[in-house]
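Right, one structure below, let's go through it.
The values are calculated or read from the model by the stated rules, or taken from the named source; none is laboratory data. None of these values were measured; they are calculated from a predicted model. Here the Cβ is made from the backbone with ideal geometry for all residues, glycine too, and neighbour counts use every protein chain on show.
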Amino acid sequence: MSILFWVLMAIGLAVVEIVSVTFFPIFFAASALLAAVVHVSGGSPLLEWAVFGLGGVVLSFGLRPLAKRQLDKGPTLQNSIATMKGRAGVVSTAIDGRAGTGAVTVDGEVWSAKPAGNGLGQIPAGADVEIHEVRGATLIVAPFPTTEVP
């Protein structure tokens, strides 16, 4: 076999992996590159095929379970919407439930906002609010209770 054969084999198997995402062909693509190294170092064609076959099997059984476990685990970060409930924000544009206008700034991000409850209330700009829920890209908020100090 020639080095071109092994490189093309590796590329072809890598493409199959990209299309299938089965974590199987990629290990044989890597073993094809190892077979190319054996070819360049003067190994016999029988040794090249042995490295390709055994290398693919060993890599598949050794690394595939690890790769699958990582893929199946999924993301570990919570998205920001899931963590919004209960957080505080500041009204940047007065919230008017009747007109359906208003915006709240939370950690430097501006979100559209509606008042909690019957949704018809008003909250002035600059008021501190608590996020009760997130509906799409709109925060449902209520003002924090104010306590006056004599």
Response to the item:
Among helices (runs of 4 or more DSSP H) entirely within region 1-120, at least 2 residues that are touching a residue at least 12 places away in the same chain (Cβ under 8 Å), exposed (fewer than 14 other Cβ atoms within 10 Å of the Cβ) and within 22 Å of the chain's Cα centre (by Cα) occur in 45-73
Worksheet item: Could we say that Ile95 is among the hydrophobic types (A, V, I, L, M, F, W, C) and modelled with pLDDT of 90 or more here?
Response: yes
Worksheet item: Taking the stated definitions as given, is Pro145 at pLDDT 85 or above and over 11 Å from Val90 (Cβ atoms)?
Response: no
